[in-house]
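Read the figures in this text as sums done on the coordinates, not as results from a lab. Since this is a predicted model, take the numbers as computed values, not measurements. Neighbour counts are summed over all protein chains in view; Cβ atoms, including those assigned to glycine, are modelled from backbone coordinates with ideal geometry.
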Amino acid sequence: MRFVLLSMLLGTVLPQIALSQEVIKLWPDDAIPNSIAGAKITEKSETDANGILRISNVSMPTLTAYIPAKGKGTGAAVMICPGGGYGILAASHEGSDIARWFNEMGVAAFVLKYRLPNPEIMTNQQEVPLMDAMQGMILIRQSAGRYGIDPAKIGVMGFSAGGHLAATLATHYNRGPKASELAKPNFAILLYPVITFGEKAHTGSRDKLLGKLNTSPELIAYYSNELQVTPQTPPTFLVHAENDKGVPVENSISFYLACLKNEVPAEMHLYPTGGHGFGMRTAKFGSLNTWPDACKAWLTALTTPKP
């Protein structure tokens, strides 16, 4: 009897566990755009002294799906872009940890493992992360029925350089070789995002994406997302610490002001301390500890049908 009950339990639980951890390739192995034929690189994963999983040398981009328990989903979903200066992906505290937090509130989450700019294995390296983000959003939307997702409630979230990628998706979804309305996020959540490639740029992210020699004024302006906001940019939620020495707080401020100018609904939360890269590790930073609650309230109001 116990064996039968255990078998029934495993039969119920294991499919849900498998679904919540499903890894989805963005592209067929032989059709990854901008890849250089024959060029190979070995992906690396390591955990640093702070317990942060760092992934580098990504050549096979994927989505990892985290789906709320059956009957708990709200229909909303978010694609998460970890940060890492376009050199690595901080895949735990800005990826899987955030995905599980979303699941707790009934939101499906998909962690994007996007390719990092590398001229040894790709052409036009500045195009590649956005191509992967567009394709990720398209695949989520096309699979919405399977995951119990409302295709009109799919957003993007990004941290640091992943925030730049998320902001680029929100402002460039209709541009470039993979442009598609299906790639448009319905909302954007940006934490300590790299926004500008101008005066207040995080130069490491800019140089990794564009290449140190590929810095024409036109290209810098194109990827300075505060200059690319339009009335079609989706509603945006921003979080930044004022003492961020890595990515100056003016990055978020400039994007927020551009949203106001273009009548895009936006909410910004600035905190006096927190530095850079805090994710949800906020307990020691006083009021910064409230950003998850503020984000949850904003997202709930945005995705709940009005009476």
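Determine, from the Cβ-Cβ distance of Ile36 and Leu182 and an R0 of 30 Å, the FRET efficiency 1/(1 + (r/R0)^6), rounded to the nearest 0.05.
Once the sixth-power term is evaluated, E becomes 0.65.
What is the Cα convex hull volume of region 208-295 when expressed per residue in Å³?
Looking at region 208-295, the number lands at 110 Å³ per residue.
Could you derive backbone 3J(HN,Hα) for region 21-28 from the dihedral phi with the Karplus parameters 6.51, -1.76 and 1.60 (θ = phi - 60°), listing whole Hz in sequence and x where the residue is Gly or Pro?
Each residue's phi maps through the Karplus curve to give 10, 5, 10, 10, 6, 6, 9, x Hz.
For Gln232 and Lys44 in one chain, what is 0.36 nm times their gap in residues minus the Cα-Cα distance, to one decimal in nm?
Stretched fully, the Gln232-Lys44 segment lengthens by 63.9 nm.
Beyond a 26 Å Cα-Cα separation, which of these cross-linked pairs lie in this structure: Lys178/Lys296; Lys44/Lys208; Lys212/Lys261; Lys178/Lys306; Lys44/Lys200; Lys25/Lys184?
Exceeds cut-off: Lys178/Lys296; Lys212/Lys261; Lys178/Lys306; Lys44/Lys200.
In nm, give the distance between the simple-model label positions of Ser59 and Ala294, each being 7 Å from the Cα along the Cα-to-Cβ direction.
4.3
Which peptide among 125-135, 257-267 comes first, and what is the full order, when sorted by highest mean count of other Cβ atoms within 10 Å?
Highest to lowest by the protection proxy: 125-135, 257-267.
Per residue, how much space in cubic angstrom lies within the convex hull of the C-alpha atoms of the chain?
Convex hull volume per residue, Cα atoms: 160 Å³.
What fraction of the DSSP beta bridges in the chain is antiparallel, stated in percent and rounded to the nearest 5?
40
Along region 231-237, what does the Karplus equation 6.51 cos²θ - 1.76 cosθ + 1.60 (θ = phi - 60°) give for ³J(HN,Hα), rounded to whole Hz, x for Gly and Pro?
Calculated HN-Hα couplings, in order: x, 8, 5, x, x, 10, 10 Hz.
For Glu104 and Glu22 in one chain, what is 0.36 nm times their gap in residues minus the Cα-Cα distance, to one decimal in nm?
Value of the extension gain: 27.7 nm.
Rounded to the nearest 20 Debye, what is the dipole magnitude of region 88-143 about its Cα centre when Lys and Arg each give +1 and Asp and Glu each give -1 at the C-beta?
160
I need the phi-derived Karplus couplings for region 36-53: 6.51 cos²θ - 1.76 cosθ + 1.60, θ = phi - 60°, integer Hz, Gly and Pro marked x.
8, 4, x, 6, 10, 8, 9, 5, 10, 10, 8, 9, 7, 5, 8, x, 9, 6
Quick one: which residues, 5 or more positions from Gly83 or on another chain, have an amide H under 5 Å from its amide H? H modelled 1.01 Å from N in the peptide plane, none for Pro or chain starts.
Residues meeting the amide H criterion: Ala90, Phe159, Gly162.
Going by amide H atoms built from the backbone, whose H comes under 5 Å of the H on Lys178, apart from near neighbours?
Long-range HN contacts for Lys178: none found.
Report, by chain and number, residues whose modeled amide H sits under 5 Å from the one on Met268, excluding near sequence neighbours (fewer than 5 apart, same chain).
When sequence neighbours closer than 5 places are left aside, the close amide H contacts are Leu238.
For the chain, what is the charge dipole size about the Cα centre, in debye to the nearest 20, if Lys and Arg each add +1 at the Cβ and Asp and Glu each add -1 at the Cβ?
Approximately 620 debye in magnitude.
Given the rule -39500 (n - 2.57) for each run of at least 4 DSSP H residues, summed and divided by the residues of the chain, what is its mean residue ellipticity at 222 nm, to the nearest 500 deg cm²/dmol?
Roughly -9500 deg cm²/dmol at 222 nm, from the helical runs in the chain.
Once you put a point 7 Å from the Cα of Lys72 and another 7 Å from the Cα of Thr304, both along the Cβ direction, what distance in nm separates them?
Taking the simple label geometry, Lys72 and Thr304 are separated by 1.9 nm.
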